[in-house]
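To start, the structure itself, in structure tokens.
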Amino acid sequence: MSKFSGGSVPVKTLAILGGGGHAKVVADTAQCCGWQSIEIFDDRWPSLQLVGPWPVVGDTSDLLLRLQTFEGVIVAIGNNETRRLKLAELIKAQAPLISLIHPAATISRHASIGAGVVAFAGVVVNPCATIGDGAILNTGCSIDHDCVLGECVHISPGARIAGSVNVGPLSWIGIGASVKQLINIGSNVTVGAGAAVVNDIGDDKTVVGVPAKALDI
Ligand SMILES: CC(C)(COP(=O)(O)OP(=O)(O)OC[C@H]1O[C@@H](n2cnc3c(N)ncnc32)[C@H](O)[C@@H]1OP(=O)(O)O)[C@@H](O)C(=O)NCCC(=O)NCCS
């Protein structure tokens with residue numbers, strides 16, 4: 001396919017790896033950011049052909065073979081560990097990884113945003129926050145000053161993270177949860193929907209409720 005639309009303006013083509021519901025929001029955000037052409041890759045291809053209006057054109061191995069045909073590549077997989085593995089595969093293959101910041105997100109110029117990050121509409125990231133590679137900042141969440149989010153963290157819609165909070169790699173903060181300032185959350189932690197975190201949480205824990213307490217599972 002030609003890389004030029006009509007006249008001489010080059011079409012920017014983005015590859016998205018992952019074809020679930022999260023990928024629809026990533027693709028939509030990409031369009032809002034000016035990506036004119038979007039192709040989705042998912043390991044369920046060829047049985048999965050379409051993600052909303054966007055075509056699924058191959059699986060991970062097809063993407064790796066065609067990397068040079070894309071101006072940008074991003075992973076859109078909600079599961080933190082799977083996203084981390086796919087991201088590592090793409091980095092190894094020297095893919096042109098991008099981050100996507102929705103035009104209606106407010107990101108401080110004094111924040112640091114890693115590679116492969118998505119920040120959807122309504123997100124606020126305040127000064128001196130550090131967002132690790134592959135993080136998902138979902139719709140309308142806020143990350144306050146001096147927070148440090150590790151690799152492949154997911155902050156769900158509407159979650160509120162107060163200042164100077166550390167969130168370890170692969171942790172998932174549920175929809176509408178709140179985290180008090182200066183809290184340390186370990187790696188691979190799950191914070192349930194609507195929880196209020198007022199104490200530090202160790203690695204690999206699941207906590208729920210107000211105030212958040214460990215869930216025995
Ligand atoms: C915390 C969570 C991961 C637990 O899931 P799970 O392991 O499948 O647990 P279950 O649904 O079996 O619930 C186990 C118990 O915890 C309770 N529980 C589950 N989630 C809870 C929550 N968020 N707040 C309070 N209690 C909760 C259940 O009522 C149940 O209690 P019971 O044993 O007294 O009946 C999940 O409920 C959750 O909150 N996920 C976040 C969802 C989210 O943010 N989605 C956004 C996607 S972008």
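The values are calculated or read from the model by the stated rules, or taken from the named source; none is laboratory data. All figures in this text were calculated on a predicted structure; none of them were measured in a lab. Ligands, DNA and RNA are excluded from the accessible area calculation, which covers all protein heavy atoms including side chains. Shrake-Rupley method; radii C 1.70, N 1.55, O 1.52, S 1.80 Å.
Quick look at the values:
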{"quantity": "Lysines whose Cα lies under 19 Å from that of residue 24, excluding same-chain neighbours fewer than 8 positions away", "calculated": "12, 86"}
{"quantity": "Å² per residue, accessible surface of the range 99-207 at 1.4 Å", "calculated": "37"}
{"quantity": "Relative contact order (percent, whole number), the chain, Cα cutoff 8 Å, 6+ residue spacing", "calculated": "11"}
{"quantity": "Fraction of accessible area attributable to carbon and sulfur, the chain (%, probe 1.4 Å)", "calculated": "57"}
{"quantity": "In Hz, Karplus ³J(HN,Hα) per residue of the range 64-74 (6.51, -1.76, 1.60; θ = phi - 60°; x = Gly, Pro)", "calculated": "4, 6, 10, 3, 5, 8, 10, 7, x, 9, 8"}
{"quantity": "Reachable lysines, given that their alpha-carbon falls under 18 Å from the alpha-carbon of residue 213 and they are not under 8 places away in the same chain", "calculated": "180, 205"}
{"quantity": "Value of Rg to Rh for the chain (Rh from inverse mean 1/r over Cα pairs, i.e. Kirkwood)", "calculated": "1.00"}
{"quantity": "Accessible area per residue, Å², the range 4-98 with all protein chains present, probe 1.4 Å", "calculated": "48"}
